[in-house]
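Okay, so here's the structure we're looking at.
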Amino acid sequence: MDVTEIYKAYYGSLLQRAIEILGDVDQAMDVMQDVMLECQSGVFCLDNIQNVGGFLYRVVRFKCLNILREQRLHPFVDIDRCESGISFPAAEEIDDLLALLTPWGRRVLVLHDIEGYSCQEIACQTGKSLYAVRRQLTRSRQQLKQYINDIDTFDNDARH
């Protein structure tokens with residue numbers, strides 16, 4: 001089955017499915033473009049697949065779910081639309097605070113709170129128990145909170 005046949009047979013229904021999952025026509029069209037390019041370039045060996053439509057539905061579904069997961073992990077924040085009273089700490093300040101943690105505590109906190117990995121994923125990656133990861137995450141957050149409170153107290157004392 002060549003790409004033209006695949007396009008004619010499945011494009012419309014696959015695009016509709018991508019739109020249903022993503023809720024965004026532009027993103028859905030990007031997914032479909034990727035899928036069609038992968039079909040054309042030979043990434044998928046469709047000759048040995050009995051149910052091409054079912055296979056392509058799964059490919060589209062997984063690509064859409066990956067996009068949604070990426071958006072959850074790294075949400076877009078339009079700084080221009082944020083309230084002007086909000087101040088964001090400089091990257092150097094964040095690095096300085098993270099440097100106060102132990103290497104293990106810093107690793108768990110960064111993997112979970114910044115990179116978006118679950119505690120279970122971190123446990124698998126590091127070879128530690130799920131309990132140890134959760135305990136360290138809680139401990140690291142408490143330490144950071146204490147460091148920030150100490151800084152605020154010091155700043156308030158210096159002003160008076």
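The values are calculated or read from the model by the stated rules, or taken from the named source; none is laboratory data. As the structure is a prediction and not an experimental result, all values here were calculated from the model. Every residue, glycine as well, gets a Cβ built from its backbone with ideal geometry; the counts of neighbours run over all protein chains shown. Heavy atoms of the whole protein, side chains included, go into the accessibility calculation; ligands, DNA and RNA do not. Shrake-Rupley method; radii C 1.70, N 1.55, O 1.52, S 1.80 Å.
Return yes when I6 is modelled with pLDDT under 85, of a type in the set (A, V, I, L, M) and part of a helix (DSSP H, G or I) and no when it is not.
Numbers: modelled with pLDDT under 85: yes; of a type in the set (A, V, I, L, M): yes; part of a helix (DSSP H, G or I): yes.
The answer is yes for I6.
Restricting the search to segment 47-75, which residues are in a helix (DSSP H, G or I) and touching a Phe, Trp or Tyr at 6+ places or on another chain (Cβ under 7 Å)? I'd like the intermediate steps shown before the answer.
Initial filter on segment 47-75 (in a helix (DSSP H, G or I)): 47-48, 52-73.
Of everything in segment 47-75, those that are in a helix (DSSP H, G or I) and touching a Phe, Trp or Tyr at 6+ places or on another chain (Cβ under 7 Å) turn out to be G53, L56.
Between a first residue in segment 31-47 that is under 19 Å from N66 (Cα atoms) and a second residue that is small (G, A, S), which pairs have beta carbons less than 7 Å apart while being 6 or more apart in sequence or on different chains?
Sorted first by the residue in segment 31-47, then by its partner, the pairs are V31/A18; M32/A18.
Against the condition open to solvent by 40 Å² or more (accessible area, probe 1.4 Å), under 24 Å from the mean Cα position of the chain (by Cα) and of a type in the set (F, W, Y), how does F55 come out, does it pass? Lay out the reasoning, then the answer.
On the way: open to solvent by 40 Å² or more (accessible area, probe 1.4 Å): yes; under 24 Å from the mean Cα position of the chain (by Cα): no; of a type in the set (F, W, Y): yes.
It is false that F55 is open to solvent by 40 Å² or more (accessible area, probe 1.4 Å), under 24 Å from the mean Cα position of the chain (by Cα) and of a type in the set (F, W, Y).
Please identify the pairs in which a residue from segment 97-118 that is open to solvent by 40 Å² or more (accessible area, probe 1.4 Å) has its Cβ atom under 6 Å from the Cβ atom of a residue that is among the hydrophobic types (A, V, I, L, M, F, W, C), counting only partners at least 6 apart or on another chain.
Short answer, once both residue conditions are applied: R106/L98; H112/L137; Y117/L111.
Of everything in segment 144-160 that's open to solvent by less than 90 Å² (accessible area, probe 1.4 Å) and over 36 Å from the mean Cα position of the chain (by Cα), which residue is modelled with the highest pLDDT?
First, the residues of segment 144-160 that are open to solvent by less than 90 Å² (accessible area, probe 1.4 Å): 144, 147-153, 155-156, 158.
When the remaining residues are screened for being over 36 Å from the mean Cα position of the chain (by Cα), the result is 156, 158.
Details: N156: 63, A158: 60.
In this case the residue turns out to be N156.
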